[in-house]
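Beneath this line is the structure, given in structure tokens, with notes to follow.
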Amino acid sequence: NSVDMKSRYTLTSLDPIHTWSMDLAEDLEECDQSTYFQRILRSSKRPFELFMGDTIHIERPSHWWFTETHINDHEGEVGCICKRFSLFKRRYDLFMLGLGVVGYTASAFWKPQTFEVYVQSGQKVADIKQKGSGVFKDTLTDADSLIIDVDSALSYDERLMIITLAICIDFDFFEKQR
């Protein structure tokens, strides 16, 4: 008797010309009652691992305050997403291996469903927004819909960082609301 508590994500392109879909699934060796209670008690503080096929591995170790989520692909580490302290904003820094901090988000508390992503020069390159799915679906399920609008000039690794950032935002802010 097991309880299925894996987080699953389906990424789907909204571009009518270049359509694609990709699945990510949380890796849990065993989903039992202890996993269920850990998810309830530790919520967004719990560790997680996500896999996108055989090539992408996203991992966040256990933490209490500030998170560090590591991204690896078939060539090795791509970078990490780090949650930072801020009094009036929800802040993350995006680190790429060999380049240091390449971007950040500093979302205001009065815009709870929107996270804007900027490069170090201050240019906005992406928006991450939570989209309501309707009263019944929002009330009766744990499913969330996030819209990620990304600048087309970004590289593959930069896009991967923004997708990982969206997953971190979901764990840290939207999973708490469930």
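The values are calculated or read from the model by the stated rules, or taken from the named source; none is laboratory data. Quick caveat: nothing in here was measured; it's all calculated off a predicted structure. Surface areas here come from the heavy atoms of the whole protein model, side chains and all, with no ligands, DNA or RNA. Shrake-Rupley method; radii C 1.70, N 1.55, O 1.52, S 1.80 Å.
May I ask you to list the residues in segment 119-154 that are of a type in the set (Ser, Thr, Tyr), open to solvent by 50 Å² or more (accessible area, probe 1.4 Å) and either modelled with pLDDT of 75 or more or more than 14 Å from Phe174 (Cα to Cα) (or both)?
As a first pass, look at segment 119-154 and keep what is of a type in the set (Ser, Thr, Tyr): 121, 133, 139, 141, 145, 152.
Restricting the remaining residues to those that are open to solvent by 50 Å² or more (accessible area, probe 1.4 Å) gives 121, 139, 141, 152.
If the condition is that a residue be of a type in the set (Ser, Thr, Tyr), open to solvent by 50 Å² or more (accessible area, probe 1.4 Å) and either modelled with pLDDT of 75 or more or more than 14 Å from Phe174 (Cα to Cα) (or both), then Ser121, Ser152 are the ones that fit.
In segment 18-38 there is at least one residue that is at pLDDT below 65, under 18 Å from Phe171 (Cα atoms) and of a type in the set (Ser, Thr, Tyr). Return a yes/no flag: does segment 160-168 have any residue that is within 22 Å of Leu50 (Cα to Cα), at pLDDT 90 or above and part of a strand (DSSP E or B). No, there is no match, as no residue in segment 160-168 is within 22 Å of Leu50 (Cα to Cα), at pLDDT 90 or above and part of a strand (DSSP E or B). Here Gln177 does not fit the description of being more than 23 Å from Glu49 (Cα to Cα) and either at pLDDT below 75 or more than 18 Å from the chain's Cα centre (by Cα) (or both).
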